[in-house]
1. Pulled fully out, how much extra length does the chain show between LYS288 and ASP74, if you take 0.36 nm times their separation in residues and subtract their Cα-Cα distance?
2. What does a probe at HIS295 reach in the range 153-182, counting residues whose amide N is under 12 Å from the point 7 Å along Cα→Cβ?
3. Just to verify a number: FRET efficiency for GLU166 and ASP240, C-beta to C-beta distance, R0 = 35 Å, to 0.05?
4. Can you pull the one-decimal nm distance between simple spin-label points at MET1 and ALA191, each 7 Å off the Cα toward Cβ?
5. Between the helical axis of 96-109 and the dominant principal axis of the chain, each derived from Cα atoms, what acute angle in degrees is found, rounded to the nearest 10?
6. Roughly speaking, what is the stretch gain from GLU33 to ALA93, that is 0.36 nm per residue apart minus the C-alpha to C-alpha distance, in nm to one decimal?
7. Just rank ARG293, ARG279, fewest to most, by other beta-carbon atoms within 10 angstrom.
8. Count the lysine pairs in the chain whose Cα atoms lie under 30 Å apart, taking only pairs 8 or more positions apart in sequence or on different chains.
Amino acid sequence: MPILTERRRFGRTNLHVSPVGFGGAPIGFLETERERTAQTLNTLLDEGMNLIDTAAMYRGSEALIGETIGHRRDDYVLVTKCGTEVPDLAHKAWTPELVAATIDRALRNLKTDYLDVMLLHSCEIETFRKGEALGALVDAKRAGKVRHVGYSGDNEAGAEAAQHPEVEVIQTSLNICDQRNAELVLPVCRAHDVGVMVKRPIANAAWKQPDEQPGMYRDYASEYHRRFGLMGLRLEDFDDDVQEGGWAELALRFTLSSEGVGTAIIGTTNPSNALANLRAAAKGPLSKAALERIHQAFGSAQGGEAWEGRT
């Protein structure tokens, strides 16, 4: 039996997703070798994960995914993101022409006839309001290239986008050091039956020193590390089963305990770490007492600063 058997309803999309999904940024930016990527992705699919997230801007990520698991297309929900400029397309960011060309590029790279979800990749809310980029996604949906349309963003922008009738999925930040969107974005998603994907669910390993992180993550890791220190959490203050799993398990289970979260995406190039994340998710939500301790630590540590969700 696979490690992870749980499936969660993904808003009104009629999709059902594993609580942990694969984030495809590292395999692109860190130029992971094909064999390692194939091993990681196929192992995860075999063990019950069924959501893959990538983006046009993640260098060779889409192509690597297509090459290594394109033949297993029926086994996973495929999410990618568009709108930002990419080197091999001449169109300007957020234009309908770029969105349309990026969708066609994704279909080729990912070796598929359709994308389950295409997200606008963290555009400014003013750009979203203009409607041109979103309209191009809707056109692709009508053409059968995209099944569901969404937006990747945080804070007030994420909350506003979640209210739009065409938006069916939101990707937003949420973790032990980044809890603002649980108050601001998730309630709107629940009210409008929008599927929720959480990015950075383990807070970029905030308990480690930032210089231990890959360069692409140090900015996030530095701020999360600062917040984590101010929160003053200690593993020994939690139940034995949480202590045994360590900070990564506690952080992931915290994120997955938030009401309305469909899936949390974690990018890794290490198959062992990937499987550990599935085992952590399979243990289920944290206790009410543990959740209250983390919420209280976050609230107390902010003082008057009011930490926003990290975009």
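Only the coordinates and a few stated rules stand behind these numbers; no lab work does. All of these numbers come straight from a predicted model, not from anything done at the bench. Cβ placement follows ideal geometry from the backbone for every residue including glycine, while neighbour counts extend to all protein chains displayed.
1. Numbers: separation 214, 0.36 × 214 = 77.04 nm, distance 3.68 nm.
Full extension of this stretch gives 73.4 nm more.
2. Label zone hits: 182.
3. 0.15
4. Using points 7 Å along Cα→Cβ, the separation is 4.0 nm.
5. Taking Cα atoms only, the helix is inclined about 80 degrees.
6. Details: separation 60, 0.36 × 60 = 21.60 nm, distance 2.94 nm.
Net length gain for the segment: 18.7 nm.
7. On the way: ARG293 17, ARG279 14.
By the 10 Å Cβ count, ascending, the order reads ARG279, ARG293.
8. 25
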